[in-house]
Amino acid sequence: MNYSECIENARTRIGNHCKACPECNGRACKNQMPGPGAKGVGDTAIRNYDKWKEIRVQMDTIAENKPVDTSLELFGKKFKYPFFAGPVGAVGLHYGDCLDDVAYNDILVSSCAKYGIAAFTGDGVDSNVMVAATKAIKKTDGIGIPTVKPWNLDVIAGKMEMVHESKALAVAMDIDAAGLPFLKNMEPPAGSKTVEELRQIAKMAGTPFIVKGVMTVKGALKAKEAGASAIVVSNHGGRVLDQCPATAEVLEEIALAVGDSMKIFVDGGIRSGVDVFKALALGADAVIIARPFVTAVYGGAEEGVKSYIEKLGTELEDTMKMCGVTSLEEIDRDCVWTRS
């Protein structure tokens, strides 16, 4: 199965909200929630996609002809590629009820681990979402990264117990989920967190702690102050605030400010191995891709996930070769062109 066949299969299974588009760009599903759509007019998800396409790669084939190494070492583990599957919770609500969170996470987490990467997993109001995610990660000896919503500290402590049981290699919190409707008006309160609260959560984690949802230098430095091991430059796929900048527009500034003091992931509209290359050139250590992996699972289960990983990996390897670099460490700002 190739990924195009996977997309065709997914269209008969994925429900009414996602259209399983050949290129997931946020246009067909804008302003559709539940579903994969973005908040408001859908401007942010579309902008995420479009801005990666405005960045161009610099071809250079006057270079030594040797094998390309796409591998990445992160948090004590070695991965075949510098990209990861993104967190999705409540898949039955958003993408169609032929899969529930237990089945979805079992497929995604095990398939990603088998084919050389790792999956971030989601969280939700239904406590079984996190239960299913952490159980799936435990089956892979910890090759996965659970993502916890910004609940109150007591709820987070309970979630962290499940994370510890799973032996996950790291844990994330999508702090930007504070803008999701289901977190509003909860009792006790859930939502945005202070630096001190994040510091407490990082200590609870007991494993590398990743703050997802950073879109400014100020936010990145606050995550660093709180003791985060990594950040994800992310606007939650446009689902939490309309008319944000694209992640591609803020990544470089954030990476320059943070330097080597913490790891940097980025998500939002990254859809190809060429896009992965661009993100690394602008300062990311790795990228996260969510929605196309949903299509992969719905359209082909393990084989679908494998096909998408191989598609991205082949595209990244080809781009590196054609741009004269043979390892991730060699990818730098000179490898891409942007409008001044």
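For residues that are open to solvent by 30 Å² or more (accessible area, probe 1.4 Å) and not small (Gly, Ala, Ser), scanning just segment 210-235, find the one that is nearest to Asn25 (Cα to Cα).
From segment 210-235, those open to solvent by 30 Å² or more (accessible area, probe 1.4 Å) are 215-218, 221-222, 224-225, 227, 229; that's our starting set.
Narrowing further to those that are not small (Gly, Ala, Ser): 215-218, 221-222, 224-225.
Details: Met215: 20, Thr216: 23, Val217: 26, Lys218: 28, Leu221: 30, Lys222: 31, Lys224: 31, Glu225: 34 Å.
Out of the qualifying residues, it is Met215.
Between Thr147, Thr121, the distinction of being under 21 Å from Ala301 (Cβ atoms) and open to solvent by less than 10 Å² (accessible area, probe 1.4 Å) belongs to Thr121 only. In segment 256-272, is there at least one residue being buried (at least 20 other Cβ atoms within 10 Å of the Cβ), in a helix (DSSP H, G or I) and of a type in the set (Gly, Ala, Ser)? Looking for residues that are buried (at least 20 other Cβ atoms within 10 Å of the Cβ), in a helix (DSSP H, G or I) and of a type in the set (Gly, Ala, Ser), one finds none in segment 256-272, hence no. Against the numbered list (1) surrounded by fewer than 19 Cβ atoms within 10 Å (Cβ to Cβ); (2) under 20 Å from Pro245 (Cα atoms); (3) among the β-branched types (Val, Ile, Thr), Thr44 comes up short only at (1). Checking every residue in segment 185-198 against the condition of being in contact (Cβ under 8 Å) with a residue 60 or more places away in the chain and either under 24 Å from Leu74 (Cα atoms) or among the small types (Gly, Ala, Ser) (or both) gives zero matches. For Lys311, the criteria (1) within 18 Å of Cys24 (Cβ to Cβ); (2) surrounded by 24 or more Cβ atoms within 10 Å (Cβ to Cβ) hold in every case but one, which is (2). Does Val250 count as open to solvent by 10 Å² or more (accessible area, probe 1.4 Å) and either of a type in the set (Gly, Ala, Ser) or touching an Asp or Glu at 6+ places or on another chain (Cβ under 6 Å) (or both)? When the stated conditions are applied, Val250 does not pass them. Hey, does segment 263-280 have a residue that's over 16 Å from the mean Cα position of the chain (by Cα), free of Cβ contacts under 8 Å to residues at least 60 places away in the same chain and more than 30 Å from Leu93 (Cα to Cα)? Looking through segment 263-280, none of the residues is over 16 Å from the mean Cα position of the chain (by Cα), free of Cβ contacts under 8 Å to residues at least 60 places away in the same chain and more than 30 Å from Leu93 (Cα to Cα). If only residues of segment 314-323 that are surrounded by fewer than 20 Cβ atoms within 10 Å (Cβ to Cβ) and touching a helix residue (DSSP H, G or I) at 6+ places or on another chain (Cβ under 8 Å) are counted, the one that is nearest to Glu73 (Cα to Cα) is Glu317. Applying the condition of being open to solvent by less than 10 Å² (accessible area, probe 1.4 Å) and outside any helix (DSSP H, G or I) to segment 102-118 and asking which residue is nearest to Leu183 (Cα to Cα) yields Ala118.
Of these, Glu315, Glu249, which one is of a type outside the set (A, V, I, L, M, F, W, C), touching a Gly at 6+ places or on another chain (Cβ under 6 Å) and farther than 30 Å from Cys98 by Cα? That would be Glu315, the only listed residue that is of a type outside the set (A, V, I, L, M, F, W, C), touching a Gly at 6+ places or on another chain (Cβ under 6 Å) and farther than 30 Å from Cys98 by Cα. From the list Lys78, Lys53, Lys39, the one residue that fits, being within 26 Å of Glu252 (Cα to Cα), open to solvent by 50 Å² or more (accessible area, probe 1.4 Å) and in a helix (DSSP H, G or I), is Lys53.
Taking Cys98 as the residue in question, decide whether it is of a type in the set (A, V, I, L, M, F, W, C), over 22 Å from Thr326 (Cβ atoms), open to solvent by less than 50 Å² (accessible area, probe 1.4 Å) and out of contact with any Leu (no Cβ under 7 Å at 6 or more places or on another chain). In short, no.
Put simply, of Val163, Val155 the only residue that is open to solvent by less than 10 Å² (accessible area, probe 1.4 Å) and among the β-branched types (Val, Ile, Thr) is Val163. Of all residues in segment 75-92, none are at pLDDT below 95, under 18 Å from the mean Cα position of the chain (by Cα) and over 16 Å from Ala136 (Cα atoms).
The values are calculated or read from the model by the stated rules, or taken from the named source; none is laboratory data. No experiment lies behind these values; they were computed from the predicted model shown. For neighbour counting, all protein chains shown are included, and Cβ atoms are generated from backbone atoms with ideal geometry for every residue, glycine included. All accessible areas refer to the heavy atoms of the entire protein, side chains included, with ligands and DNA or RNA removed. Shrake-Rupley method; radii C 1.70, N 1.55, O 1.52, S 1.80 Å.
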